[in-house]
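Contents: one structure, followed by commentary.
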Amino acid sequence: QDSQNAHTRKQASQVPENRMEDDLRFPWAAKMNPTSRNLYRAVDPEYLPDGTPKVTIPQHVLLQGLENQKEYILGHFYRCSTPPGGLIHAVLNKIWGRNCQVTIRKLGNSNYLFHIPDKSTRKWVLERGLWHVDDCLLFVAAWTPEATLAIPEFKTIPVWVTLKNIPNILYSIPGISHIASGLGAPMATHKPQLDPILMGEAKILVEVELSKEFPPKVAASDTTGFISMVDVEYAWLPSKCTRCGQLGHKIKRCLQLEKGPHEAAITKETTAVNDSSNVVSTTAAISVPDYVQLTNTSATAQGNEVLETMSSPITYQSPPSTTNDTI
């Protein structure tokens, strides 16, 4: 009780002196015991044409964030019809809730706020980064205070890929960086140094855009126009909807309305024509400068094994329990 009173007094002491108070207009608030009152009138509202009060939130208030914000994680379902809230709560508590109770709060059509009190569980959830709930791709990120009320949309993901048939002259950090640039933003190699035994093959981490195709090959071209094809194998790819073609969900969670028989037939014919006339549409082409071809194999940045777990949400393993299991 004493600690609670002390906390209340601390909150009351944090009330700014320039608060917009009007004792005559709000006599009940004026008569309240200052040690019990922890809220204050911060601003005079403006009014919209329909009479709705409008208050402008200062930037410093937005940057303060919510209380105990370190215990919250922001989740975003990528371009899908989100599962019911009860299903999300049940699935995530089954996966994440071994050491604590996970609560959820819907922020928007696709955004949720997850409260995870246990620190080790939060760290484990954030390290993996990507999860699946009922065939919907769920991104998670630490809650950070921003100077805006808008919720950012996740547009990229880090994935591990293996480049094969790399020309020997390009088996270097600059060479692999140029080749992988055809996929997105290269981040790191799997090992701190390139393995001379595995010349011609490299496992790397690349940040890719979800709105673009995942090409199976990259065409590396030199300044004379000679092209060498490098194969790309992905360690994991998100689900792809057979109706809209978007990544991150299956057909039962698609936002696009199902087409009628006539529309479906037209779409099928159009797709067949496009496929036959655009054979290499998913091949990324990049040009390799001469100086890259002359670069010897060099050491890369430190390996990052933690990043590898971010892009493979296939197998779930709960964090070690800190308490005895009880039935």
From the set of residues in segment 25-49 that are surrounded by 10 or more Cβ atoms within 10 Å (Cβ to Cβ) and of a type in the set (Phe, Trp, Tyr), which is nearest to Val61 (Cα to Cα)?
Tyr40
Test: residue in segment 63-71 that is under 21 Å from the mean Cα position of the chain (by Cα), under 30 Å from Ala141 (Cα atoms) and modelled with pLDDT of 85 or more:
yes
Pro117 passes all but one of (1) at pLDDT 85 or above; (2) touching a strand residue (DSSP E or B) at 6+ places or on another chain (Cβ under 6 Å); (3) surrounded by fewer than 17 Cβ atoms within 10 Å (Cβ to Cβ); which number fails?
(2)
Working only within segment 165-216, note down all residues that are within 22 Å of the chain's Cα centre (by Cα), surrounded by fewer than 17 Cβ atoms within 10 Å (Cβ to Cβ) and not in a strand (DSSP E or B).
Ser181, Ser211, Lys212, Glu213
Condition met for Glu213 (under 24 Å from Leu137 (Cα atoms), among the acidic types (Asp, Glu), modelled with pLDDT of 90 or more and not assigned by TED's automatic domain parsing to the domain that holds Leu130)
no
Hey, any hits in segment 24-34 for a residue that's in contact with a helix residue (DSSP H, G or I) (Cβ under 7 Å, 6 or more places away or on another chain) and of a type outside the set (Gly, Ala, Ser)?
yes
Show the residue pairs meeting these rules: Cβ distance below 7 Å; 6+ apart or different chains; first residue within segment 218-247 and assigned to a strand (DSSP E or B); second residue modelled with pLDDT under 90 and acidic (Asp, Glu).
none
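The values are calculated or read from the model by the stated rules, or taken from the named source; none is laboratory data. Please read these numbers as outputs of a predicted model, since none were measured by experiment. Virtual Cβ from ideal backbone geometry, glycine too; neighbours counted across all protein chains shown.
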